[in-house]
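K.L.:
Take this structure first; my questions come after.
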Amino acid sequence: MAGPGRAAASSLDLYNERAIMSAVDARCGLFDPAIGSALNVAKYQARGAALRAGTDAATLQQVSQRAQTKAYSISCASPDIAKAAERVRTAFEGYARMLKMDYPGDIVGWKADRGSSTVALRWRLTQDVTQNGDRLLFGLAGRSGANALLALTHFKNGQVPYSARLVIRDGQLTVGPFLDARGAPPRTIPLDRRFAANGAQTSFTAEARSSAGSDLLPKGLTSGWAFRFPAEAASQIAMLDPREAIAIDFIFPDDSIHRLYVEVGDFAAGRAFLQSANRPAD
């Protein structure tokens, strides 16, 4: 069983190995919460790497189903499982204690922070985007956990949006991402050409708007507006392909709309990193 730094095996092999051990852990309780969480994060990372390498989602679903079947065919008392579990503990022991992680993307990545804080609201998983001079921070925020899906924006012309809408690909209507390469290498496709076509989208309207507090404002910004989206949207984003993009439409009093894009990337892995079983919920 490989640790987070292993590069020799293919991403699909890594996903298969980690999916099997994660399934066995769920059935047999092999690992303490910290190790189990680290293994789950690594499984999501391997899934993302496999998709970026060209493996289709249907193949990964088949691998996941076979992993579940194999997990139930193995005795929890098997010596082979005991040896594999010990290798996992050795590989992920230090990884499980990490409080911060960076998840690089093709265009822009995610930063995760699960350090303790019971007073100030802070970004737990965030992507910091600047597009044509406009600034957007998007991700999960919280105090002791990460229970709010937020978009914080500052427009260069000082305009103030009154509402916002999160737009993503509808997984019920599509079988995969929209990637308009136009002959470009896959990892250089601009975010606006990684976005779902009209008619294949679903959206979530912001539940609340407020002036952004200093605890969420990044360095260099003295003001901004924060919009909170339904928690369900985070689960939907986590199921998307890491190569695609989502969009946030900011709506202004004159009914004009300004769209900013976010790379899906390793959102699922970062979210799993925050959901360590030994952390209290907000």
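K.L.:
If only one of ARG259, ARG194 is among the basic types (Lys, Arg), buried (at least 20 other Cβ atoms within 10 Å of the Cβ) and within 20 Å of ASN132 (Cβ to Cβ), which one is it?
P.N.:
ARG194
K.L.:
Of the conditions (1) in the same structural domain as THR188 (by TED's automatic domain parsing); (2) farther than 26 Å from GLY265 by Cβ, GLU86 fails just one. Which one is it?
P.N.:
(1)
K.L.:
Going through segment 162-189 one residue at a time, which ones are surrounded by 14 or more Cβ atoms within 10 Å (Cβ to Cβ), in contact with an Asp or Glu (Cβ under 9 Å, 6 or more places away or on another chain) and within 24 Å of ALA57 (Cβ to Cβ)?
P.N.:
LEU166, VAL167, ILE168, ARG169, GLY176, PRO177, PHE178, LEU179, ILE189
K.L.:
Which one of the conditions (1) of a type in the set (Ser, Thr, Tyr); (2) part of a loop (DSSP other than H, G, I, E, B); (3) over 20 Å from ALA233 (Cβ atoms) does THR174 fail to meet, given that it meets all the rest?
P.N.:
Condition (3) is where THR174 drops out.
K.L.:
On to the next question. Please name all residue pairs, on different chains or six or more residues apart, with Cβ atoms under 7 Å, provided the first residue is in segment 10-23 and is closer than 10 Å to ALA42 by Cβ and assigned to a helix (DSSP H, G or I) and the second residue is at pLDDT below 90 and among the polar types (S, T, N, Q).
P.N.:
Qualifying pairs under 7 Å: SER22/ASN40.
K.L.:
For segment 143-161, which positions are farther than 16 Å from GLY220 by Cα and crowded, with 19+ Cβ neighbours inside 10 Å?
P.N.:
Of everything in segment 143-161, those that are farther than 16 Å from GLY220 by Cα and crowded, with 19+ Cβ neighbours inside 10 Å turn out to be ALA146, ALA148, LEU149, LEU150, ALA151, PRO161.
K.L.:
Oh, and also: State the number of residues belonging to segment 190-207 that are in contact with an Asp or Glu (Cβ under 8 Å, 6 or more places away or on another chain) and in contact (Cβ under 8 Å) with a residue 60 or more places away in the chain.
P.N.:
Summing the residues that are in contact with an Asp or Glu (Cβ under 8 Å, 6 or more places away or on another chain) and in contact (Cβ under 8 Å) with a residue 60 or more places away in the chain in segment 190-207 gives 3.
K.L.:
Out of all the residues in segment 115-130, is one or more of a type in the set (S, T, N, Q) and within 19 Å of MET239 (Cβ to Cβ)?
P.N.:
So far as segment 115-130 goes, yes, one or more of its residues are of a type in the set (S, T, N, Q) and within 19 Å of MET239 (Cβ to Cβ).
K.L.:
Would you pick out the residues in segment 94-130 that are crowded, with 19+ Cβ neighbours inside 10 Å, within 12 Å of the chain's Cα centre (by Cα) and closer than 15 Å to LEU150 by Cα?
P.N.:
Residues satisfying the conditions are TRP110, ALA112, ARG124, LEU125, THR126, GLN127.
K.L.:
When you scan segment 103-118, do you find a residue that is in a helix (DSSP H, G or I) and touching a residue at least 12 places away in the same chain (Cβ under 8 Å), even just one?
P.N.:
No, that holds for no residue.
K.L.:
Residues of segment 186-214 being among the hydroxyl-bearing types (Ser, Thr, Tyr) and touching a strand residue (DSSP E or B) at 6+ places or on another chain (Cβ under 9 Å), which ones?
P.N.:
THR202, SER203, THR205, SER210, SER211
K.L.:
In addition: Would you pick out the residues in segment 51-105 that are in contact with a strand residue (DSSP E or B) (Cβ under 6 Å, 6 or more places away or on another chain) and not acidic (Asp, Glu)?
P.N.:
Within segment 51-105, LYS100, MET101, TYR103, GLY105 meet the criteria.
K.L.:
Follow-up question, since we're still on this one. Out of all the residues in segment 125-134, is one or more assigned to a helix (DSSP H, G or I) and not small (Gly, Ala, Ser)?
P.N.:
no
K.L.:
All but one of (1) of a type in the set (Ser, Thr, Tyr); (2) farther than 22 Å from GLN275 by Cβ; (3) under 20 Å from the mean Cα position of the chain (by Cα); (4) at pLDDT 90 or above hold for TYR15; which doesn't?
P.N.:
Here TYR15 clears every test but (2).
K.L.:
Another one. Scanning segment 89-129 for residues that are among the polar types (S, T, N, Q) and in the same structural domain as GLU263 (by TED's automatic domain parsing), which turns out farthest from ALA49 (Cα to Cα)?
P.N.:
Selected residue: THR118.
Condition check ((1) part of a loop (DSSP other than H, G, I, E, B); (2) surrounded by fewer than 16 Cβ atoms within 10 Å (Cβ to Cβ); (3) modelled with pLDDT of 95 or more) across all residues:
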site	(1), (2), (3)
ASP215	yes, yes, no
ALA234	no, no, yes
PHE250	no, no, yes
GLY270	no, no, no
PHE273	no, no, no
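K.L.:
Would you be able to tell me the number of residues in segment 75-96 that are under 15 Å from ALA23 (Cβ atoms) and not in a helix (DSSP H, G or I)?
P.N.:
Total satisfying the criteria: 3.
The values are calculated or read from the model by the stated rules, or taken from the named source; none is laboratory data. Computed from a predicted structure; not experimentally measured. Methodologically, a virtual Cβ is constructed for each residue, glycine included, from the backbone with ideal geometry; neighbour enumeration extends over all protein chains shown.
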